[in-house]
Amino acid sequence: MAELASNAVRHCGGIGRDFRLRLVLGVWPAAGGTLRVEVTDARADKRLPPGLPRSSGRGLVLVNALAERWGVRVNDAVTKTVWAQLRLPASSVAVRGGRERG
């Protein structure tokens with residue numbers, strides 16, 4: 001899902017146009033879990049084209065192929081968030097109880 005971050009840099013980057021990356025892990029021990037990747041940029045004025053782009057890069061085509069679901073949310077007049085959710089298999093999610101020892 002690095003495609004989401006690289007798209008933010010490529011299409012929305014510049015001086016004063018930073019982006020934020022957020023990862024959210026949802027865990028269900030018997031069923032695996034989900035990883036939600038969210039990239040928020042300061043270009044709410046730069047909307048995603050309807051459907052998947054065909055002539056520019058392959059970033060959103062890859063996201064569409066790999067993600068369980070994805071979308072875009074306009075947060076306010078300045079920022080938008082592009083997000084993707086991936087399903088994680090149960091074997092890759094470890095849940096530990098108790099306290100960690102360091």
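Read the figures in this text as sums done on the coordinates, not as results from a lab. As the structure is a prediction and not an experimental result, all values here were calculated from the model. Quick reminder, even Gly has a Cβ in these numbers, built from the backbone with ideal geometry, and neighbours come from all protein chains shown.
Counting Lys +1, Arg +1, Asp -1, Glu -1, what net charge surrounds T40 among other residues with beta carbon under 11 Å of its beta carbon?
The answer is +1.
Taking the mean number of other Cβ atoms within 10 Å as a proxy for protection, how do you rank 66-78, 34-46 from highest to lowest?
Highest-to-lowest ranking by the protection proxy: 34-46, 66-78.
Give me the distance in nm between label points sitting 7 Å out from Cα along the Cα-to-Cβ direction at D18 and S6, one decimal.
2.3 nm
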